[in-house]
Amino acid sequence: MKGYGGASVALCYWIFLLGAALGSLCPCTDPQLCQPLTGSRDFEVFVFYTSGKNWKMYDWSQVTTIALFGKYDPELLCFAHSKGARLVLKGDVPLEEIVDPKNRTFWITKKVELAKSQYMDGINLDIEQPVLKDSPQYDVLTALVQETTEAFHREIPGSQVTFDVAWSPKCVDERCYNYTGIASSCDFLFVMSYDEQSQIWTECLAAANSPLNKTLSGYEQYITLGIEPKKLVMGIPWYGYDYMCLDLSEDNKCTLNKVPFRGAPCSDAAGQQVPYRKIMKQINSSITGSLWDDVQESPFYNYKDVKERLHQVWYDDPKSISLKAAYVKARGLRGIGMWNGDLLDYSNDLIAESQTKEMWKALISEPALPSLF
C-alpha cells in the first residue's frame, strides 16, 4: 500500500482545488438552487440513485435525500434542490489506506471539496468492509466517521453525513464495527435490511432476502445497544434473488448449491440479484404465480428456465414492504429508503406504472402491524 507522500500531497491537493474552482459555476438557472439545504424533515425517505434519468419519475412528494451512486448529473442536483431534497456523495475508501491520520484527513478534504464544487449536501459512507474488534481498522473506521462528520458540518452548514450498516450489529459478514460510536458520530445510520442470506448457517435453502421477523430483530438489536430509533433509517430492497434449485420439494423447499461467504458454508451468492421490474414481468410466465410465505412474510415464485431447470425467486412487494413501513412508524425510526430507486419499471406501460406507484406508496403505508416486538 502506497501512502500519500509530502510534496505529492500538496501538488495533488492544489490541482484538485483548481479543478474544483473551474467547475464551480452554478449549473442551475436559479442560483438559489446551488445553496446547500439547511432544513431537516421529521421523516426521511432516503433513495440511492445509480444511473439514467429514472429520477425524473421518482415520487418527489416523499424523497428527502438522494445518495449519488452513479454519475454526477447537474440536472438532478437542481431538480432535487427545487424539491427540497438533498443530494449527497458516496464515500468509500479501503480502511488500510487511512490508518495514517494524514491520509485520512487528505481523503476527507477531497470529499468536502468535491461536494462543495458540485453544490452537494453531504456524504453517505458506504464502507461494508470486514473489521474485527481487535484490528487497527476498528478505531480507524469510527475516527473516519467522526472526522468526516466534523469536516462536512463545519465546511457545509446543514450538510448530512450518514453511514450504511448491515441488517444486524452482530458482526454480519465480519463487520464488527463500533456501532454506538459510529451512530453518535454521524447524523444517522442507513440500515441495509436486505441480503440477509449473505451468511447461511443453517440448512442451505432459498429464503427471503428481507424476512420480516429477522429484519425487525435487527433493529431491536441496534436499539438494545443504546442507539436511538431516530438514528436509524430502514433500508428495504427493490430487488430479489433468483436461485436455481438443486432440488425443489413439494412444500417449496429449494435446495441450493453451497457457496461459502466469510466463514458461512452457504450464502445468497448461490443466486443472482434480479430487479423488481424483471420480477413483475416474469411472474406471469412462472409455474406457480406469486406465492406468500406466512413465516417470513415475503412473496416468492417458482419457474423453469429454457433448460427446464427449476428456479425459486424471493422478493419484496408492496405487501411485505408496507409491513416494514408500519414498524418504522410504530417504533419511531428516522425514516425509510431503498436500494435502489432505479430498479422499478418507469416506462409508460399502464400495468408497470401502477406497480411502480404501489411500491412508492408502500413506503408510507400503515397496515395493522402484528405483534412482532
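The values are calculated or read from the model by the stated rules, or taken from the named source; none is laboratory data. Since this is a predicted model, take the numbers as computed values, not measurements. Virtual Cβ from ideal backbone geometry, glycine too; neighbours counted across all protein chains shown.
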Query raised in the report: Looking only at the range 23-34, which residues are part of a loop (DSSP other than H, G, I, E, B) and either exposed (fewer than 11 other Cβ atoms within 10 Å of the Cβ) or at pLDDT below 95 (or both)?
Result: 23, 24, 25, 29
Query raised in the report: Does residue 142 qualify as being touching a helix residue (DSSP H, G or I) at 6+ places or on another chain (Cβ under 6 Å), modelled with pLDDT of 95 or more and among the hydroxyl-bearing types (Ser, Thr, Tyr)?
Result: yes
Report task. Test residue 147 against the criterion of being closer than 25 Å to residue 340 by Cβ, in contact (Cβ under 8 Å) with a residue 12 or more places away in the chain and surrounded by fewer than 18 Cβ atoms within 10 Å (Cβ to Cβ), and give yes or no. Result -> no
Query raised in the report: Within the bounds of the range 213-230, is there any residue that is acidic (Asp, Glu) and free of Cβ contacts under 8 Å to residues at least 60 places away in the same chain?
Result: yes
Query raised in the report: How many residues does the range 180-191 hold that are in a strand (DSSP E or B) and farther than 17 Å from residue 123 by Cβ?
Result: 1
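Listed here are the residues, each with its yes/no results for (1) in contact with a Ser or Thr (Cβ under 6 Å, 6 or more places away or on another chain); (2) surrounded by fewer than 16 Cβ atoms within 10 Å (Cβ to Cβ); (3) among the aromatic types (Phe, Trp, Tyr).
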site	(1), (2), (3)
175	no, no, no
193	yes, no, no
198	yes, no, no
202	no, yes, no
247	yes, yes, no
262	no, yes, no
275	no, no, no
Query raised in the report: part of a loop (DSSP other than H, G, I, E, B), out of contact with any Lys or Arg (no Cβ under 6 Å at 6 or more places or on another chain) and not basic (Lys, Arg): does that describe residue 213?
Result: no
Report summary line: Of the residues in the range 94-153, those that are among the acidic types (Asp, Glu), outside any helix (DSSP H, G or I) and more than 16 Å from residue 186 (Cβ to Cβ) number 2
Report task. Could you grab me the full set of residues in the range 46-67 that are in contact with a strand residue (DSSP E or B) (Cβ under 6 Å, 6 or more places away or on another chain) and either closer than 25 Å to residue 25 by Cβ or part of a strand (DSSP E or B) (or both)? Result -> 46, 47, 48, 49, 55, 65, 66, 67
Report summary line: For the range 192-235 the number of residues that are of a type in the set (A, V, I, L, M, F, W, C), in contact with a strand residue (DSSP E or B) (Cβ under 9 Å, 6 or more places away or on another chain) and farther than 23 Å from residue 258 by Cα is 7
Query - Flag for residue 74 being in contact with a Pro (Cβ under 6 Å, 6 or more places away or on another chain), over 18 Å from residue 340 (Cβ atoms) and not hydroxyl-bearing (Ser, Thr, Tyr) - result: yes
